1. So, I389, is that one in contact with a helix residue (DSSP H, G or I) (Cβ under 8 Å, 6 or more places away or on another chain) and either in a helix (DSSP H, G or I) or modelled with pLDDT of 95 or more (or both) or not?
2. Tally the residues that are surrounded by fewer than 19 Cβ atoms within 10 Å (Cβ to Cβ) and among the β-branched types (V, I, T), restricting the search to the range 108-158.
3. Report yes if L134 is out of contact with any strand residue (DSSP E or B) (no Cβ under 6 Å at 6 or more places or on another chain) and under 30 Å from L44 (Cα atoms), otherwise no.
4. If we scan the range 117-132, do we find a residue that is free of Cβ contacts under 8 Å to residues at least 40 places away in the same chain, more than 12 Å from the chain's Cα centre (by Cα) and under 21 Å from Y236 (Cβ atoms)?
5. Would you check which residues across the range 337-347 are crowded, with 19+ Cβ neighbours inside 10 Å and free of Cβ contacts under 8 Å to residues at least 24 places away in the same chain and list them?
6. Which ones in the range 118-168 are within 25 Å of L97 (Cβ to Cβ) and not in a helix (DSSP H, G or I)?
7. If I filter the range 296-307 for residues that are of a type in the set (D, E) and within 27 Å of S253 (Cβ to Cβ), do I get at least one hit?
8. Looking only at the range 122-137, count how many residues are closer than 18 Å to A171 by Cβ and not polar (S, T, N, Q).
Amino acid sequence: MKTRLSSIFLFLLILSAPAFAGKIDSLTKIISTASEDTAKVSLLNQLSKSYFATDPDKAIEIGKEAQALAEKLKYKPALAIALKQIGIGYYMQGKYLETLDYWEQSLQVFEELDDKNGQSNILNNIGSVYYDQLDFEKALDHYLQALRLAELTREKLRMASVIGNIGNVYANKEKRTTWDKAIEYYKSGLNIGIELKTNSALKCPPEDANQIIGTMTVGIGEVYMNKGDYKSALDYFEQSLKVYEGTEAAPYSLNDIGKIYTLQNQPEKAIEYHQKAYDQAISMDLQLDMAQSLIGLAKAKEVQGNLKEAVKNYLDAEKISAEVGFQDELKFSYEGLAKSYSKIPDYQKAFKYQSLLSTLKDSLYNIATDKKVASLQFDFDISKKQGQIDLLTKDQALKEADLRRQKIIKNATIGGLAVVLLFLLVVFRQKEKDY
């Protein structure tokens with residue numbers, strides 16, 4: 001099950017960093033004349049953040065510059081952030097081994113500083129790497145560690161993000177035995193979101209609280225939809241729409257509501273919501289939401305029996321999906337076209353799209369296989385890296401043992417010489433007495 005929670009990690013990266021779009025030039029100018037001090041490190045970290053989405057290579061480059069200066073100045077708080085920034089840059093590129101390397105270094109510095117918020121942030125991020133690699137056990141382990149620390153510091157926004165990530169693990173396992181657990185976590189996150197919105201003492205920006213509320217209600221709604229509880233699903237989708245209204249997330253909720261009405265055999269209501277989603281997606285140039293809205297419209301029109309209009313919508317969705325590379329949406333378009341043409345009937349076109357669907361499924365299967373192989377390679381690389389660390393640790397232990405042995409021998413030699421000198425001194429003095 002694909003939920004909007006899949007984006008919560010990146011969303012919270014954005015929450016943790018102010019938007020610097022349009023400020024890059026001014027920051028660059030200030031940095032170019034700044035002294036080599038702690039203020040410059042902070043400016044470099046800010047500039048690195050501004051490149052996350054647009055130019056990860058640049059984010060990494062500037063992050064490493066901040067790292068070098070922070071190390072030179074022995075400024076650990078900024079060093080921990082710089083290491084985190086570099087890791088984010090690599091994460092955006094899908095380079096998970098490098099990501100983990102820098103985030104583990106960042107975590108170590110945050111631990112040295114006893115910065116529990118920083119530790120929670122990094123542990124949550126590391127959990128997302130393992131989640132992407134389908135290693136749900138390690139993901140949950142890191143999420144739970146992050147949650148414990150967030151609870152200690154009472155950092156509500158961080159708690160909500162971690163809880164959402166945990167719920168996402170249970171929701172996406174696609175097993176009924178885990179769906180109830182997913183709902184439990186989402187509802188816990190929802191309660192925190194409501195508290196963030198209603199408790200002014202927490203000083204949470206309304207848009208951040210609304211994003212948490214919307215994300216959690218969408219997650220809950222999609223679990224209920226998969227369980228076949230359409231009434232509950234609709235209730236939560238409508239809640240999400242209230243907080244998402246006017247934002248780029250609104251078309252997603254509108255499409256979810258449309259899906260429910262299609263499933264309940266109410267195509268007219270479904271078309272109403274999918275059309276709203278499509279219109280809003282066009283106004284904000286949201287290509288993915290446009291494709292999903294068109295597919296929703298087509299499915300509702302299929303239920304109506306309006307096959308020609310359904311075909312038109314599927315073809316429009318196919319065009320967008322093929323141009324941008326939305327594989328799932330392309331698959332749904334081919335499925336719909338093959339099915340609709342077979343009902344019209346136009347068996348030649350039905351065969352054409354069934355063939356395209358089969359080819360795409362083979363491709364998707366290969367992609368899934370490649371991802372599993374990549375996951376295995378990732379595990380192998382991690383094990384290899386750990387083996388190298390263990391070897392270095394062992395070598396270091398041997399060196400330390402050798403140094404201790406040499407020190408013992410040295411001390412013993414010095415002690416032995418001291419005894420001999422003392423004996424000679426006693427003998428010498430005894431001979432003086434004899435004379």
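The values are calculated or read from the model by the stated rules, or taken from the named source; none is laboratory data. Predicted model only: the values in this text are computed from it and were never measured. Using ideal geometry, Cβ is built from the backbone for each residue, glycine included, and neighbour counts are taken over all protein chains shown.
1. So I389 does not fit the description; no.
2. Number of matching residues: 1.
3. So L134 does not fit the description; no.
4. No: zero hits.
5. Of everything in the range 337-347, just one residue is crowded, with 19+ Cβ neighbours inside 10 Å and free of Cβ contacts under 8 Å to residues at least 24 places away in the same chain, namely A338.
6. Matches in the range 118-168: Q133, L134, D135.
7. At the first step, the residues of the range 296-307 found to be of a type in the set (D, E) are 302.
Filter again for within 27 Å of S253 (Cβ to Cβ), leaving 302.
Yes, the range 296-307 contains a residue that is of a type in the set (D, E) and within 27 Å of S253 (Cβ to Cβ).
8. Pass one, the range 122-137, residues closer than 18 Å to A171 by Cβ: 124, 127-128, 130-137.
From what is left, the residues that are not polar (S, T, N, Q) are 127, 130-132, 134-137.
Number of matching residues: 8.
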